[in-house]
Amino acid sequence: LKCILAQALFVLCVPLRQIKAPAMTAETEDARTPGEYLKENEGVLLALMLVVFLVLAMFIVDRRWQSRQHYLEKVTGIMNQSQIFSMNMVRHFMPSFKVQKYQFRGMQAKAGTADIEFCDLSLQLPNGKKVLERVSGEFKAGRLCAVMGPSGAGKTTFMNVLCAKATYGKMGGTIRVNGQEADISQFKSVTGFVPQDDIVHTDLTVREQIEFSAMLRNSVDTPKKKIQAIAQDVLNVMQIDHIQNSIVGSVEQRGISGGQRKRVNIGLELAAQPTVLFLDEPTSGLDSTSSLSVTLSLKKMCQLGMTSIMVIHQPRYSLFTLFDDVLLLGKGGQTAYLGSSFGAKSYFERLGFRMSANDNPADWFMDVLSGEVQNDLIAGFKPDMLFDMWRSREAGLGESASIDYNSGARGREMSDEEDKVILAHKLEEEWDRVDSNKDGVMDTDELCWLLGQCSTLKPSSEVVSDLMERMAGKNAASVTKKQFLEYLCSLSSDVAKEPTFAELDKRGALGPHLRTVTTIFESSEDDDMDEDISEDSEDTNREHNFGSSRFRRSRSAPLDPLTGLTRDTPGFAYQLQTLLLRRLVQWWRMNRQRTLFAVALMLGGAILAILDGFLVETPRWSGMALLNLHTCLALLLAIFCLQVFGNDQPVFWRESASGISVAAYFQSRLIINTFDIAVLTFLFTATYFAIRQPHVRFTFFVVPFLLTAYVASGWGYFISTVVPPKHGPFIVSLVIFIICGLLGNPSNLAEFLQGNFTVTEVIVSLISITRWSIQMNWVYIYNELKPDPKDMRNKAVLAMEKEVFMRRDWGMSYQWAPLIALISMGLVLRAASFLGLRFTNRDKQV
């Protein structure tokens, strides 16, 4: 904006200087009146006004977006405080009542869960080496599973084969999902993959990252209210709600910490509500406390039926025991153990290994797999023997070798109904004290008093209103005893069950109804349904325990075991709209980089104008002067456009692998960057025009420069999609030098354009930008100025350039032929850029 305002002041101040200042040219100059000057420069002023208007409009949009983000942060704080006060209320009435620390308000139980069985998985590299061999087992739905092993054991390879991402070798084996042979890639819409590197958008805030991911990857009919609730769930579960409006940052620009960045990396996948989540060393680079916190967050997500399978490297034992199942791989990629995390130590001890009292069991397992621990029963033990021991155990035990998911006898726990009866009795005893005015209901003042009694802090009016809405619905002024009791009882459930959410769900405002397939039935709201279901046979009513949550598949569930493992995600139009919004947010935060290029372009235009007008004898119609102008603009803009697809390649690969439309991603970036190209071209051309004063109208003078920018940006896009970013500037400089500086030089064109459509002429016409853009510029200036130089040198130059630029019009005018040629070049380059983006690095987009 500063650059634009400076340009405006500069143009307006030009009349104050001597317009009739002699230029170092050989042609006769006519003095211009102020009216003629304004007529020539009116295009500059109109373009400036348009640019300022668009910049201000984007500024307003950005301010509104920031205001929305701060409002959502405030809502997050109110909701978290409400949850804390709610827990204090429950403890006040019944300290032993079990409540959830956090309840999901957007995420629901999975419509279909996934039991993943794998048999004889293997991977052979092109050189014939096997890095994974005969790995078999099963991961049950709703469980937290770990894949461990020493370096070289093929942990990441196993996960890549399981996900069908190991395209760098020949994969073998079979995979069954819920008993049916299938490929995990078939269920991309409900599968998440967290890479080891923290691949996130560095210029977005934490909430923006999560919310955009939820918008792009949830069901197409998921409304905005639920998207916000899902983002809120992820922020709270991953414990990043307090930094939700912080820019993630990068190495150059400091942002959030490494541990927080790791949580955002995981949160991007959780926002998609995956049924199966794969994680490649999600705790790498974190301290033990942060690793434990991340794992606990994933454990919480498993309560909704999500299956989490992660590669992890030597965790501490307290973290190791959080895993429900553990797959231990030895060197060479073979199975040494698959079972409960608690059973691993006893299994290896039965094989003859002894662990010292001070050893960390997780580290001890790695030592055993590496052959660093002596075996008391087998002389000359080698680690390879562990694989045969495991296979012989499986063969000997048969079906009993499978994991026992309900091992360990437990005493009867108090049922939900018994808890509710006791809580109701406690509430009855104290209701008269709460209901001070004896009207049978609790109003906001009485609720505020109760919250103050249950906590050391006085609640804010926003918290009281939020709790009142949770208990009795929107705009409620009082709460009945029954509503109050039902709300307190609902706090034991993983998913919030409140009147407001129930009403929104009834109207379909929270998305498609999935409860007929999978239902959580921990509250009394499901009692009537339970009575109906109990009449059915035992075959159509099965319960599965996943951690602390109980799931029931209802009688209306379809028989197809793969039902619920697909999702209708948003199409091209919705994704384009979302990606445009995301790119616009990113665009506004790139002002520093944009200002740098704007200053460079304006400086280049000013230097060329001073050289042409004051230091060198250059006629205003000179083709060489135009060549320098167009080549400089093309080079700078092509380099500028390298960042459009080159800077975020890992993010694009990740999003493409998750199912994001490549076409929508491509178009969103092109549309936003077009504004940059237009503004930068205008600043460059207007700076030159204001100083040089070509004595033509700016409105027509700038058109060839816009076409040059359009084609040059296409070269930048194309090169950025097929060449590694570090080589981009060098390749662009070489290409622009050839197609603009060499092939577009008027002296060379006199040799190239010999007529009769020679091969050289066709090639130059197909790839050279300046062959067309200079012709368009030169012909317009020539027709306006009608130069008649007196000295022989300029006469010869003019005759040569006239012969070159006005030799052939291709059956059209000298303006239309360049226009069509340059637009065609730009379109072809953009099509090639899309193909490069789509098909280059395909192995990283699966």
Exercise. With Cβ to Cβ distances under 10 Å as the rule, what net charge do the other residues near ASP324 carry (K, R +1; D, E -1)?
Worked result: +2
Exercise. HIS630: accessible area at probe 1.4 Å, nearest 10 Å²?
Worked result: 0
Exercise. What is segment 72-164 by shape, rounded, prolate or oblate, if you read a ≥ b ≥ c off the alpha carbon gyration tensor as root eigenvalues and call it rounded for a/c under 1.5, prolate for a/b larger than b/c, and oblate otherwise?
Worked result: prolate
Exercise. By how many nm would the segment from ASN841 to ASP183 grow when fully extended, if each residue of separation counts as 0.36 nm and the alpha-carbon distance is taken off?
Worked result: 234.7 nm
Exercise. Accessible area, 1.4 Å probe, largest first: how do LEU451, LEU603, LEU635, LEU743 sort?
Worked result: LEU603, LEU635, LEU743, LEU451
Exercise. Any idea what the relative contact order of segment 129-240 is, in percent, if you count C-alpha pairs under 8 Å spaced at least 6 apart?
Worked result: 15
Exercise. Tally Lys/Arg at +1 and Asp/Glu at -1 over every other residue whose Cβ is under 11 Å from the Cβ of PRO650; what's the total?
Worked result: -2
Exercise. So for VAL131, VAL237, what's the accessible-area order with a 1.4 Å probe, most first?
Worked result: VAL131, VAL237
Problem set entry | Loop trypsin sites (Lys or Arg not before Pro), segment 721-794, which have at most 16 other Cβ atoms in a 10 Å radius of their Cβ (DSSP) | LYS790
Problem set entry | Among 103-109, 267-273, the order from most to least packed when residues are scored by Cβ within 10 Å on average | 267-273, 103-109
Exercise. From a point 7 Å beyond the Cα of CYS119 in the direction of its Cβ, which residues of segment 156-173 have a backbone N at a distance under 14 Å?
Worked result: 173
Problem set entry | Compactness of segment 605-696, expressed as Rg and Dmax over alpha-carbon positions, Å | 18.6, 60
Problem set entry | Relative contact order %, segment 227-364, counting alpha carbon pairs below 8 Å whose residues are six or more apart | 17
Exercise. At a probe size of 1.4 Å, how large is the accessible area of LYS188, to the nearest 10 Å²?
Worked result: 80
Problem set entry | Prolate/oblate/rounded call for segment 245-393, Cα gyration tensor, a/c under 1.5 rounded | prolate
Exercise. Distance in nm between label sites at SER250 and ARG64, each 7 Å beyond Cα in the beta-carbon direction?
Worked result: 2.9
Seminar exercise, completed: Using alpha-carbon positions, the gyration tensor of segment 445-487 gives root eigenvalues a ≥ b ≥ c; with a/c under 1.5 called rounded, otherwise prolate if a/b exceeds b/c, else oblate, the class is oblate
Exercise. Computed FRET efficiency, Cβ-Cβ of GLN314 and LEU766, R0 60 Å: what is it to the nearest 0.05?
Worked result: 0.50
Exercise. Please state the relative contact order of segment 634-770 as a whole percent: Cα pairs under 8 Å, 6+ residues apart?
Worked result: 37
Problem set entry | Fully extended contour minus Cα-Cα distance, from LEU611 to LEU45, at 0.36 nm per residue | 201.3 nm
Problem set entry | Contour minus Cα-Cα distance for ARG176 and SER461 (0.36 nm per residue) | 97.3 nm
For this session: Using a cut-off of under 11 Å, list every residue of segment 162-200 whose amide N is near the label point 7 Å from the Cα of VAL651 along the Cα-to-beta-carbon line.
Result: 199-200
Seminar exercise, completed: quick note, segment 217-370, DSSP beta bridge pairs, % antiparallel (nearest 5) is 55
For this session: Taking 7 Å along the Cα-to-C-beta vector as the label spot, tell me the LEU785-ASN475 distance in nanometres, rounded to one decimal.
Result: 7.2
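Sorted by accessible area with a 1.4 angstrom probe, largest first, how do ARG354, ARG842, ARG620 fall? Don't jump to the answer; show the numbers that get you there.
Numbers: ARG354 140, ARG842 85, ARG620 30 Å².
My answer, sorted largest first, is ARG354, ARG842, ARG620.
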Exercise. Taking a probe of 1.4 angstrom, what is the accessible area of LYS331 in Å², to the nearest 10?
Worked result: 110
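The values are calculated or read from the model by the stated rules, or taken from the named source; none is laboratory data. Here the structure is a predicted model, which is why all the values come from computation and not from measurement. Positions of Cβ are generated from backbone atoms using ideal geometry, with glycine treated the same way; all protein chains shown enter the neighbour counts. Heavy atoms of the whole protein, side chains included, go into the accessibility calculation; ligands, DNA and RNA do not. Shrake-Rupley method; radii C 1.70, N 1.55, O 1.52, S 1.80 Å.
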